[in-house]
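These notes are about the structure you will find just below.
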Amino acid sequence: MTGSAIDSETAARRRAMAAFAAATPAELAAAFDADTIAGARDLRPAEAGLVMVRGRIGGGGSAFNLGEATVARASIRLADGQTGHAYRLGRDVAAARLAAIADALWQDPARRPSIEAALVAPVEARLAAADDAASRRAAATRVDFFTMVRGED
Amino acid sequence: MYVAVKGGERAIDNAHRLLAHERRGDPAIAEIAPEQIAGQLTLAVDRVMAEGSLYDPEIAAIAIKQARGDLIEAIFLVRAYRTTLPRFGCSQPVDTGAMQVVRRVSATYKDLPGGQVLGPTFDYTHRLIDFDLAGTTTPAAPAEAAAPLDPAPHVTALLDGEGLIESNPDRAAEPGDLTREPLAFPAGRDLRLQALARGDEGFLLALGYSTQRGYGRTHAFAGEIRIGDVEVEVFAEELGFAVPLGRLRVTECEMVNQFKGSATVPPQFTRGYGLTFGQLERKAMSMALVDRALRAEDLGEETGSPAQDQEFVLSHVDNVQATGFVEHLKLPHYVDFQAELGLVRQMRREQAAAQTEADGRAEADKPAEADDLAATAATLDREAAE
């Protein structure tokens, strides 16, 4: 595999993992069958912990530590040996475990299309619609300046 | 000798039962749920997350309920909770330039790319009590523009392009972490910003205000305030790449401050920076003012005002530390006080004796004894502090 092929594979997986991180527990649970969930074994027990969130001085300079955020993570192995990992903001370790299963299924070329269709696409569509609505609501509060001309020239 | 006095257990247990009862309030009124606090008292939740230094709206909401709305107590609870969790790592620095903004205003440019976006602000409200809120309300659906917002680059980038403002170079150094290493002075700007980001809003507001009133003036303009959501990613060792975690709401303020120049650098504006979790505009603005004031010495400016003194600011900005030391005064100091009481009585006896001597009727007293008592009192104070 060429370097750019690896990069595009990583980029695609990051995009899918972003959807798994943003998916609701209900969206995750509806995306695959109970047998798949039952067949998954923990590589590392799902757990809640912290990530130190960093900012940049002045928005673009050197990094500094802003504060921590709770994060749930999980690593699993499916019955067929495929491994998956997940990190999500918050403390929902059950959702993180389901996200790790989704990550494992996504990596299998045979099952990727179904995960893309059942989970990644709907979550991305939901986020895009929410972002669009939020952005248009904000845009409605944008100030349109106009100039008052007083007196005669 | 150290004598432990026991006997408060029953009183403490009953006090906590009474606290739980009072916290619940009138049982005829519906109990408040954390979801209601997180959803409707969002700015209180944001403050608890920022000063608790832990982004988790659900935990912050429970803490506010547990603390009966005492936000510093809630912040204390969040700080304590944080210590029970392992740290997985540190995020990639968030890209605030790519923020999905809900509010973005600049006091320096009227017409700027992305525009002036007011968002959900208290500004321009009349600050009259809205008695409609005494009942249940159904607010009108928000207006929606036909098109989403245009991209909104940082305002300072506009000045930066002309070299009119100092740049903030990325030194690619690992930032200090005051939750891992005790703060030592002088502290770098990375550590100062971390301390300010988790610092008390009221303290920062007062210090920022003091700079405006002349105690370390910086001639600040609000170059930009932006509130919105940023993506967070963490590098995962097991994967070998940065994994997206989700989004956080943050507030950023960039102050554009008085300019300076030197023999080698032409005059240019300087910068103060504020960044907080949540929607905390007052905090972010205050933080940016204080950040700039704390740079006075580095920029070769006159110093001496409280907001410019990093040891003063950073040692007192943390409200959990501050409340711990102030509130410890209410805990039993019976032994210390008895020692002081003995000391005062002794000093009064000595003064009376000296007076008597001055009157020419008695011989000199023994001042060394008073010193011994003072030493004993100091020792007891130290024991109590430990």
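The values are calculated or read from the model by the stated rules, or taken from the named source; none is laboratory data. Keep in mind the model is a prediction, meaning the values are calculated, not measured. For neighbour counting, all protein chains shown are included, and Cβ atoms are generated from backbone atoms with ideal geometry for every residue, glycine included. Note: areas computed on protein heavy atoms with side chains; ligands, DNA, RNA excluded. Shrake-Rupley method; radii C 1.70, N 1.55, O 1.52, S 1.80 Å.
Being in contact with a helix residue (DSSP H, G or I) (Cβ under 9 Å, 6 or more places away or on another chain) and in contact (Cβ under 8 Å) with a residue 60 or more places away in the chain is a description that applies to B:TYR55.
Any residue in the range B:33-43 that is farther than 30 Å from B:ALA197 by Cα and without any contact (Cβ under 8 Å) to a residue 12 or more places away in the chain? No, the range B:33-43 has no match at all. Per the conditions (1) closer than 30 Å to A:SER135 by Cα; (2) open to solvent by 80 Å² or more (accessible area, probe 1.4 Å); (3) more than 10 Å from chain A (Cβ to nearest Cβ), the sole criterion not satisfied by B:PHE131 is (1).
Of the helices (runs of 4 or more DSSP H) lying entirely inside the range B:261-363, those carrying at least 3 residues that are open to solvent by less than 20 Å² (accessible area, probe 1.4 Å) and either free of Cβ contacts under 8 Å to residues at least 24 places away in the same chain or within 30 Å of B:GLN212 (Cα to Cα) (or both) are B:281-293.
Just one of the numbered conditions (1) away from every other protein chain (no Cβ under 11 Å); (2) open to solvent by less than 50 Å² (accessible area, probe 1.4 Å) is not true of A:GLY151: (2). For the residues B:ALA172, B:ALA197, B:ALA206, the requirement of being on the phi > 0 side of the Ramachandran plot and either at pLDDT 95 or above or at the interface with chain A (Cβ under 10 Å from one of its Cβ atoms) (or both) singles out B:ALA172. In summary, A:GLY67 fulfils each of the numbered conditions (1) within 12 Å of chain B (Cβ to nearest Cβ); (2) surrounded by fewer than 24 Cβ atoms within 10 Å (Cβ to Cβ) with the single exception of condition (2).
Within the range B:224-243, work out how many residues are within 8 Å of another protein chain (Cβ to nearest Cβ), without any contact (Cβ under 8 Å) to a residue 60 or more places away in the chain and open to solvent by 10 Å² or more (accessible area, probe 1.4 Å). Residues flagged as within 8 Å of another protein chain (Cβ to nearest Cβ), without any contact (Cβ under 8 Å) to a residue 60 or more places away in the chain and open to solvent by 10 Å² or more (accessible area, probe 1.4 Å) within the range B:224-243 amount to 3.
Within the range B:187-206, being touching a helix residue (DSSP H, G or I) at 6+ places or on another chain (Cβ under 8 Å) and under 14 Å from B:ALA296 (Cα atoms) holds for B:ALA187, B:ARG189, B:ARG192. When B:LEU248, B:LEU239, B:LEU158 are checked against the criterion of being within 19 Å of the chain's Cα centre (by Cα) and in the same structural domain as B:PRO113 (by TED's automatic domain parsing), B:LEU248 stands alone in meeting it. Taking the listed residues B:GLU301, B:GLU311, B:GLU254, B:GLU297, the one that is at pLDDT 95 or above and more than 14 Å from chain A (Cβ to nearest Cβ) is B:GLU311, with no other qualifying. Among the conditions (1) in a strand (DSSP E or B); (2) under 30 Å from B:ALA284 (Cα atoms), the only one that A:GLY84 does not satisfy is (2).
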